[in-house]
Amino acid sequence: MSCFIHKDIESKSKCPICQNELCESCEKFCDEYGACPNCLNSQVVSMLENTNRGIIYSIFSLICSGLFLILYLVDLLRGTMQKNFIIIGAILVSIILPVSIILLVHTIKKKKEYKSFLNENKIEK
Ligand SMILES: [Zn+2]
Ligand SMILES: [Zn+2]
């Protein structure tokens, strides 16, 4: 049998995920990443799709908390807000706003990582 990626090289083992035959260099890759180049690629592609969804979610929560912050500040400046709500609102804003920003930055970073991974590891067939 030959490696399913490198057709001209004899296979040494199998990928634990897709069970395809792997050559020595693919086997090494598998040891390092826990999947053959092909499987890892499709895993990264699906993770990339997840980050796209994550970015939309975090932008949405960022907009929501931004709007909330504006409404909160307007109400606060009017001086009509109840004391309890001032505290609750401040806690909400100070949690949700930074969390959405961190989430957004983190997800964009991950997306870049996955993208550059896919560019670097173009599979030759
Ligand atoms: Zn595989
Ligand atoms: Zn191979």
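LYS111: surrounded by 14 or more Cβ atoms within 10 Å (Cβ to Cβ) and charged (D, E, K, R), yes or no? Judged against the criteria, LYS111 is a match. Looking only at the stretch 25-43, decide whether some residue is acidic (Asp, Glu) and touching a Cys at 6+ places or on another chain (Cβ under 9 Å). Yes: the stretch 25-43 contains one or more residues that are acidic (Asp, Glu) and touching a Cys at 6+ places or on another chain (Cβ under 9 Å). The residue of the stretch 1-46 that is farthest from LEU118 (Cα to Cα), among those that are among the hydroxyl-bearing types (Ser, Thr, Tyr) and in a helix (DSSP H, G or I), is SER25.
Based on what the data block shows, is LYS125 closer than 30 Å to HIS6 by Cβ, at pLDDT below 95 and out of contact with any helix residue (DSSP H, G or I) (no Cβ under 7 Å at 6 or more places or on another chain)? So LYS125 fits the description; yes.
Looking only at residues of the stretch 6-25 that are of a type in the set (A, V, I, L, M, F, W, C) and near ligand 1 (Cβ under 9 Å from one of its atoms), we find that the one that is surrounded by the most Cβ atoms within 10 Å (Cβ to Cβ) is LEU22.
The values are calculated or read from the model by the stated rules, or taken from the named source; none is laboratory data. Here the structure is a predicted model, which means the values were calculated and not measured. Neighbour counts are summed over all protein chains in view; Cβ atoms, including those assigned to glycine, are modelled from backbone coordinates with ideal geometry.
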